[in-house]
Amino acid sequence: MMPQKFYKKRWFKILAAAIIIVVAVGGYFSWKTGNVLNKISGSKNSVLGSLLGSGTAPQSDEGRINILLLGMRGVNMPGGGLLADSIMVASFDTNNNKVALISVPRDLYVQIPGTSERGKINSVYAHWEGGGKGQGIPKMEEMMGTITGLKIDHAVAINFNGFKQLIDTVGGVDVKLAKPFSEVKQFVEGKECGGEFFLPAGTNHLSGDKALCYSRARETTNDFDRAKRQQIVLKALKDKLVSLGTLADFSKLNNILNIVGANVKTDLTPDEMKGFYNQYSSMKEANLTQRVFENSEKGLLMVPEAGTGLGYVLIPRAGQDSYSAMQDACKNIFTQAAQ
């Protein structure tokens with residue numbers, strides 16, 4: 001009796017089927033990833049070209065890569081859909097395995113780049129993105145470069161829906177509170193967040209809706225505390241996104257790609273995104289420093305004297321448009337934090 005050939009055996013058929021499935025799924029995600037990277041960056045590359053790029057990280061300035069992060073309601077949303085609700089620079093010291101999150105309040109009064117107009121910094125993106133201009137990201141990079149003194153390499157903008165959906169897709173995020181948190185004013189009129197928003201002390205597992213409410217709340221506290229909360233939630237989301245549980249779940253990855261494609265905009269090219277991801281992934285257990293500019297001597301900002309007619313705005317303590325102290329703080333954020 002002739003022995004059964006190995007490719008006819010049951011174990012080989014099962015193995016072959018498994019390999020085919022893995023290759024097919026991997027090919028699908030590779031194709032879809034290329035599509036999404038092209039969409040959010042506005043790249044004209046072919047999907048194949050985006051996939052086969054070797055991955056070139058953004059050029060660093062003295063070992064630092066600075067990415068501007070913007071959060072807003074979203075196009076055609078009521079309440080100023082293109083006004084930047086969250087303005088933050090993520091600065092990566094790749095040589096020393098350090099990361100800093102630097103938040104600038106949306107009420108900072110600035111000269112809008114490329115115009116003779118002045119306004120709050122949160123209006124810069126809206127001014128240059130709306131009406132078909134499509135220049136919101138480069139103008140915000142220019143503005144934040146002036147304020148921080150840093151070379152802003154690239155920017156990523158995400159709307160509220162994308163933020164909520166990403167958090168829900170990874171199963172929510174955990175936030176630890178030393179004391180209860182409540183916002184009893186801000187959401188009452190529009191009946192958002194249940195009207196009055198409350199979180200107890202201890203570890204809170206937040207859905208996308210709750211995380212967004214926690215990140216937006218500011219009237220009972222202030223804009224500076226809100227920026228600190230945004231940094232906490234962002235770090236928790238980052239940890240979930242890069243966890244093995246997320247990366248190994250095809251369904252989650254598929255949802256994440258859909259969400260990013262529909263709600264994110266960036267000036268990173270697909271090749272730079274791949275290169276930056278590869279570089280950032282190599283920064284294991286990076287030391288995190290957080291800074292929020294606020295209206296105190298240490299925070300380097302203040303409210304102008306009454307009678308200016310500007311409403312509630314903030315300017316540097318050194319004077320309007322005098323950013324040297326803020327620039328020094330940003331440039332030396334890693335060395336100062338170590339002292």
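The values are calculated or read from the model by the stated rules, or taken from the named source; none is laboratory data. Bear in mind the structure is a predicted one, so any value in this text is a computation, not a measurement. No Cβ is skipped: glycine too gets one built from the backbone with ideal geometry, and neighbour counts run over all protein chains shown.
From the list P105, P138, the one residue that fits, being surrounded by fewer than 18 Cβ atoms within 10 Å (Cβ to Cβ) and assigned by TED's automatic domain parsing to the domain that holds R317, is P138.
Looking only at region 45-58, decide whether some residue is in the same structural domain as F276 (by TED's automatic domain parsing) and either at pLDDT below 90 or in contact with an Asp or Glu (Cβ under 7 Å, 6 or more places away or on another chain) (or both). Checking region 45-58: not a single residue is in the same structural domain as F276 (by TED's automatic domain parsing) and either at pLDDT below 90 or in contact with an Asp or Glu (Cβ under 7 Å, 6 or more places away or on another chain) (or both). Taking residues in region 268-282 that are over 16 Å from K238 (Cβ atoms), and partners anywhere that are surrounded by fewer than 21 Cβ atoms within 10 Å (Cβ to Cβ) and among the β-branched types (V, I, T), the pairs with Cβ atoms closer than 7 Å and at least 6 places apart or on different chains are D271/T56; E272/T56; G275/T56.
In region 109-121, the qualifying residues are those that are part of a loop (DSSP other than H, G, I, E, B) and more than 24 Å from the chain's Cα centre (by Cα), and the one that is surrounded by the fewest Cβ atoms within 10 Å (Cβ to Cβ) is S116. Report yes if V124 is in a strand (DSSP E or B), under 21 Å from V292 (Cβ atoms) and either in contact (Cβ under 8 Å) with a residue 24 or more places away in the chain or out of contact with any Cys (no Cβ under 7 Å at 6 or more places or on another chain) (or both), otherwise no. No; evaluated as a whole, the condition is false for this residue. Scan region 111-122 and give yes if some residue there is within 23 Å of N263 (Cα to Cα) and in the same structural domain as G74 (by TED's automatic domain parsing), otherwise no. Yes - at least one qualifying residue is present in region 111-122. Return a yes/no flag: does region 67-75 have any residue that is in the same structural domain as F334 (by TED's automatic domain parsing), surrounded by fewer than 19 Cβ atoms within 10 Å (Cβ to Cβ), part of a loop (DSSP other than H, G, I, E, B) and not aliphatic (A, V, I, L, M). Yes, region 67-75 contains a residue that is in the same structural domain as F334 (by TED's automatic domain parsing), surrounded by fewer than 19 Cβ atoms within 10 Å (Cβ to Cβ), part of a loop (DSSP other than H, G, I, E, B) and not aliphatic (A, V, I, L, M). Among the residues of region 233-245, write down those that are aliphatic (A, V, I, L, M) and either assigned to a strand (DSSP E or B) or free of Cβ contacts under 8 Å to residues at least 60 places away in the same chain (or both). Those that are aliphatic (A, V, I, L, M) and either assigned to a strand (DSSP E or B) or free of Cβ contacts under 8 Å to residues at least 60 places away in the same chain (or both): V242, L244. Hand me the list of helices (runs of 4 or more DSSP H) wholly inside region 246-333 holding 1 or more residues that are touching a Ser or Thr at 6+ places or on another chain (Cβ under 8 Å) and under 24 Å from G149 (Cα atoms). Result: 270-281, 324-331. Among strands (runs of 3 or more DSSP E) entirely within region 155-219, having at least 2 residues that are touching a residue at least 12 places away in the same chain (Cβ under 8 Å) and of a type outside the set (F, W, Y) singles out 173-177, 181-183, 202-206. For region 95-104, does any single residue satisfy the condition of being modelled with pLDDT of 95 or more, outside any strand (DSSP E or B) and out of contact with any Gly (no Cβ under 8 Å at 6 or more places or on another chain)? Yes, that holds for at least one residue.
Residues in region 242-265: is at least one in contact with a strand residue (DSSP E or B) (Cβ under 6 Å, 6 or more places away or on another chain), surrounded by 14 or more Cβ atoms within 10 Å (Cβ to Cβ) and not charged (D, E, K, R)? Scanning region 242-265 turns up at least one residue that is in contact with a strand residue (DSSP E or B) (Cβ under 6 Å, 6 or more places away or on another chain), surrounded by 14 or more Cβ atoms within 10 Å (Cβ to Cβ) and not charged (D, E, K, R).
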